[in-house]
1. Residue 415 to residue 117: FRET efficiency via 1/(1 + (r/R0)^6), r the Cβ-Cβ distance, R0 22 Å, to the nearest 0.05?
2. Which residues in the stretch 32-48 place their backbone N less than 17 Å from a point set 7 Å from the Cα of residue 225 along the Cα-to-Cβ direction?
3. Mind jotting down the distance between the C-alpha centroids of the stretch 59-130 and the stretch 279-295, whole Å?
4. Quick one: work out the % antiparallel among DSSP beta bridges in the chain, nearest 5.
5. Suppose we keep just the DSSP beta bridges with both residues in the stretch 200-351; what percent of those would be antiparallel, to 5?
6. Once both labels are modelled 7 Å past Cα along the beta-carbon direction, what's the residue 46-residue 63 spacing in nm?
7. Quick one: if the Förster radius is 41 Å, what FRET efficiency do residue 77 and residue 406 give, using the C-beta to C-beta distance and rounding to 0.05?
8. Among residues other than residue 231 whose Cβ falls under 15 Å from its Cβ, what is the net charge (Lys/Arg +1, Asp/Glu -1)?
Amino acid sequence: MYKILVEGGHRLSGEVRVSGAKNAALPILAAGLLAPGRSVFENVPDLKDVKTFLKVLEHLGASCSFQDHAASVDAACCEPNEAPYDLVRTMRASVLVLGPLVARCGRARVSLPGGCAIGARPIDLHLKGLEALGAKVSLAHGYVEVTAGRLAGADIYLDMPTVTGTENLMMAAALAKGVTTLRNAAREPEIAALADVLNLMGARVSGAGTAVVTVEGAETLSPARYTVIPDRIETGTYMAAAALTRGDVTLTAARPDHLDAVISKMRSAGVGIETAGDSIRVKGPERIRSVDLTTAPHPGFPTDMQAQFMVMMCVADGNSVMNETIFENRFIHVSELRRLGADITVTGNTAVVRGVPRLLGAPVMASDLRASASLILAGLVASGVTEVHRVYHLDRGYEAIEKKLTALGAVISRVWED
Ligand code: EPU
């Protein structure tokens, strides 16, 4: 297994190009299953999750390739094969094949994703929505099986604005007969990106990015070519790295308009941020100021940036109250940050972070993707060396992170440990 060593105390400066968004790429690759023929998606990040997802699609009968950030999904014929436990357990997002598969082939069988480190993460809303579209859902032997004739449009209210749930139902509705209205839909930029792809394929999706999404289904869809949007969470993570190291970093190929809440909070924390077109220049202050924070569905502050922002608060001047409202167990990084000298207390879904003048490097263990990113960030400011173990989580979601950070002046390396 690899570990990452970060030597703290180096100021970051220069330019870094943002990669394509993992959480936009995965549903878009799944949408490839909806049309007979070869869809090509560009700016797909070179990540473990992407490769695993392509394996899932191949398992379902699609021919896939991935080269130079272009992924092709050729779903000439669609076999209602199953997405097995071994693949699904490593990546919950595999559940995104349910909607397109049942819509196109009339049957989908996917291993039920279990809970994960950050919470129980049920998929009841995905399944309720598919039932509303006319599918039959059954659970047996750890698998969810969904069968249907042609799906029929329906009016669906989501109890929670679930991101992958909204995506699954949009894809299913794209081949349903008639109009589907999704109410209390997720409003993340990744939803709008998927709507763009479905529209290119011949569906008629409107309202994506608002709480009410309407999908007029088509009898058949055609393959599409599409360029994936930039990763807003990767962007935010490098913004935090610049802020923490009193750096001066410009992010290119970014979408500042997808980061309103993050930019606003960082400015309140004293971070200098200038945006121009697709670039964001971030200048870290002498000392970060404490600010309070509550995560919320988009356009609120993203839960996927909570751990990274917490590191900023660990070394800020003052106390910060941070509320996590999306996942019930997303403070696992706290105990690791404490090992570096952070002063944090957690009660339920609230963390109180008392800023300390400095962190001290130590060995720490990564527990999930964003927690891993937060430990790397902490390593950038901690004095001495921080050893981050179990970094395979990081490779699921951050493309070439050591290379990108090294180019900005960080001292970071990956070493093999038995
Ligand atoms: N929920 C239910 N029932 C459902 C679906 C969701 O109760 O049927 C609950 C969840 O348990 C959670 C809340 O609704 O408490 C929101 O979960 P959501 O379904 O929106 O999360 P997701 O779709 O599973 C996506 C991202 C996550 C990101 C969340 C929240 C992808 C592939 N994953 O997950 O990304 O944290 O939305 O924004 O898009 C990450 O990239 O590190 C990551 C975890």
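The values are calculated or read from the model by the stated rules, or taken from the named source; none is laboratory data. It should be emphasised that the depicted structure is a prediction, and the values quoted were computed from it without experimental measurement. Glycine also receives a Cβ, built like all others from the backbone with ideal geometry; neighbour counts cover every protein chain displayed. Protein only, heavy atoms only, side chains kept; ligands, DNA and RNA dropped before computing areas. Shrake-Rupley method; radii C 1.70, N 1.55, O 1.52, S 1.80 Å.
1. Numbers: r = 24 Å, r/R0 = 1.09.
It comes to 0.35.
2. Within reach of a label on residue 225: 32, 37-44.
3. 37 Å
4. Details: 58 of 81 bridges.
That works out to approximately 70 percent antiparallel.
5. Values: 16 of 21 bridges.
Of all bridge pairs located within the stretch 200-351, approximately 75 percent are antiparallel.
6. So the label points at residue 46 and residue 63 sit 2.4 nm apart.
7. In this case the efficiency is close to 0.35.
8. Result for the local shell: -3.
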